[in-house]
1. Name the residue that is surrounded by the most Cβ atoms within 10 Å (Cβ to Cβ), counting only residues in segment 183-209 that are in a loop (DSSP other than H, G, I, E, B) and free of Cβ contacts under 8 Å to residues at least 60 places away in the same chain.
2. Can you name the condition, by its number, that Ser72 falls short on among (1) buried (at least 16 other Cβ atoms within 10 Å of the Cβ); (2) part of a helix (DSSP H, G or I); (3) away from the ligand (no atom under 16 Å from the Cβ)?
3. Consider Ala159 against the criteria (1) under 21 Å from Val24 (Cα atoms); (2) modelled with pLDDT of 95 or more: it satisfies all of them except one. Which criterion is unmet?
4. Of the residues Phe218, Phe173, Phe231, only one is aromatic (Phe, Trp, Tyr), exposed (fewer than 14 other Cβ atoms within 10 Å of the Cβ) and near the ligand (Cβ under 10 Å from one of its atoms); which?
5. As an exercise: evaluate Lys116 against (1) surrounded by 11 or more Cβ atoms within 10 Å (Cβ to Cβ); (2) free of Cβ contacts under 8 Å to residues at least 24 places away in the same chain; (3) of a type outside the set (Gly, Ala, Ser) and give the number of the one condition it does not meet.
6. Out of all the residues in segment 89-112, which are surrounded by fewer than 18 Cβ atoms within 10 Å (Cβ to Cβ) and more than 18 Å from Ser73 (Cα to Cα)?
Amino acid sequence: MCYSARVEVDSPMEEKTLRHSALVRVTHWLTVVAFAALLVSGAEIVISHPRFYWGETGNVNMQPWINLHIPSSRESVPTGYGYTMPDQNGWSRALHFQSAWLLVLTALAYGIGSAKNGHFWRDIFPASGKRSLRAMWDVVRRSLKRKAADGEDTHEYNAMQRVTYSVVIFVLFPLIIWTGLAMSPSFNAAFPFFVNVLGGRQTARTLHFLDTILLVVFLVVHVWMVYLAGFRKRVWAMIAGGEKEADVTALPEVQG
Ligand code: HEM
């Protein structure tokens, strides 16, 4: 977004303030594509062994920490079902790794760009005085009453969005990338510390799965909130840039 991203329209005097910068828009939709591909391929990978362990090792002879109790695509996994699912592991693993790299590169571009242009400080981190539970509850209450679409809150992200986006960007995404890399044998060999500190590769897989659940919960609530705030207007702004209504009137008047 950078709510203060400015583009020249016709002349240097006719400036328009964009709601979302090109960097935010491009990286947002690339993230959506990568995330969708990761979810589909990740689900296929989970089906090949729908049990999760804690520590360094895990196999069918061990008691799982989490058992999803769903059918598996491997006969060797004891699921209690009398059949196995079709094995789609080949393409799903290839797609998972390709989309993971797309996500990592997109996150790097977004992270470096937003740190440099001040987007994080200006638009994402909650403003002081708006970090309290009371401020969050106020946002939820007004969203549920559909007051967010009335205009007062549309110029910038509200307190709830800022906290949620901060957690997604600085906790959930780094964790999903870290735990994903920690499952790779070559990463393990090169940087054993980053795997050991998690407690082992099976712990990394379990945390990777739990983090995915949190991101899916975020996605559902995120899209619901966008719907409450006005789906077409907000999504179009995320595609075309939109306009920051608040500052337009603050631009200097053209003389003569
Ligand atoms: C099809 C699904 C999605 C739709 C329709 C959607 C829509 C939007 C819209 C409209 C905004 C701007 C909100 C506003 O101006 O008030 C936004 C911002 C954002 N979305 Fe999504 N989104 C989707 C999926 C995702 C996914 C999968 C993620 C990450 C897991 C995500 C993360 C974010 C973040 C972090 C922002 C803030 C970006 C910034 O300003 O830097 N979104 N989204």
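The values are calculated or read from the model by the stated rules, or taken from the named source; none is laboratory data. Just so you know, these numbers come straight off a predicted model, no measurement behind them. With ideal geometry, Cβ positions are generated from the backbone for all residues, glycine too; neighbour counts draw on all protein chains shown.
1. That would be Leu198.
2. All conditions are met except number (2).
3. Of the numbered conditions (1) under 21 Å from Val24 (Cα atoms); (2) modelled with pLDDT of 95 or more, the odd one out for Ala159 is (2).
4. Working: Phe218 fails: exposed (fewer than 14 other Cβ atoms within 10 Å of the Cβ); Phe173 fails: exposed (fewer than 14 other Cβ atoms within 10 Å of the Cβ).
Within the list Phe218, Phe173, Phe231, the selection yields Phe231.
5. Condition (1) is where Lys116 drops out.
6. Result: Phe97, Gln98, Trp101, Leu102, Val104, Leu105, Leu108, Ala109, Gly111, Ile112.
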